[in-house]
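The values are calculated or read from the model by the stated rules, or taken from the named source; none is laboratory data. If you're wondering where the values come from, they're calculated on a predicted model, not measured in any experiment. All Cβ positions, glycine included, derive from the backbone under ideal geometry; neighbour counts span all protein chains shown. Remember, those area values only see protein heavy atoms, side chains included, never the ligands or the DNA or RNA. Shrake-Rupley method; radii C 1.70, N 1.55, O 1.52, S 1.80 Å.
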Amino acid sequence: MRRGEIYRTRERVAERGAKPGFYVVVSRTFIAEHEDVSTVICAPVYGEVLGLTTEVVLGPEDGLPRTCAVRCDFLTLMFKRKLTHFVSTLSAFKLAQLNRALAHALGLPTQ
């Protein structure tokens, strides 16, 4: 598991309307790869694009079934074992967008 990878959950998630969902790993790769760490921080993917500075738009070119958005305002701690289906890895361009969206969501200075 690495930062910037997209996974789908197998289990239904109450916060997602009792449906499985897509998540992007935003934890450092060191944490994501470390076998002794059982959790990672993820940003959920939603089917609706709102146009927020804290979103990253993804679509079929990113391995997802349709246009959707990573929402960095709703970061969540996930057990790695729940991220069961690897989907794809964000491109360098999308990873840079994710970094900017995370900075906005966390109120960090942006460049």
> Using unit Cβ charges (K, R positive; D, E negative) and no other charged atoms, how large, in debye to the nearest 20, is the dipole of the chain about its Cα centre?
Replying inline: 220
>> Can you give me the accessible area per residue for segment 1-102, using a 1.4 Å probe, in Å²?
In response: 56
>> Using each residue's phi in segment 30-40, evaluate 6.51 cos²θ - 1.76 cosθ + 1.60 at θ = phi - 60° and report the 3J(HN,Hα) Karplus result to the nearest Hz, with x for Gly and Pro.
In response: 3, 6, 4, 7, 5, 5, 7, 9, 8, 10, 9
> For the chain, what is the Kirkwood estimate of the hydrodynamic radius, computed as the reciprocal of the mean inverse distance between distinct Cα atoms, to one decimal in Å?
Replying inline: 13.9
> Ignoring any ligand, DNA or RNA, what whole percent of the accessible area of the chain comes from carbon and sulfur when the probe is 1.4 angstrom?
Replying inline: 54
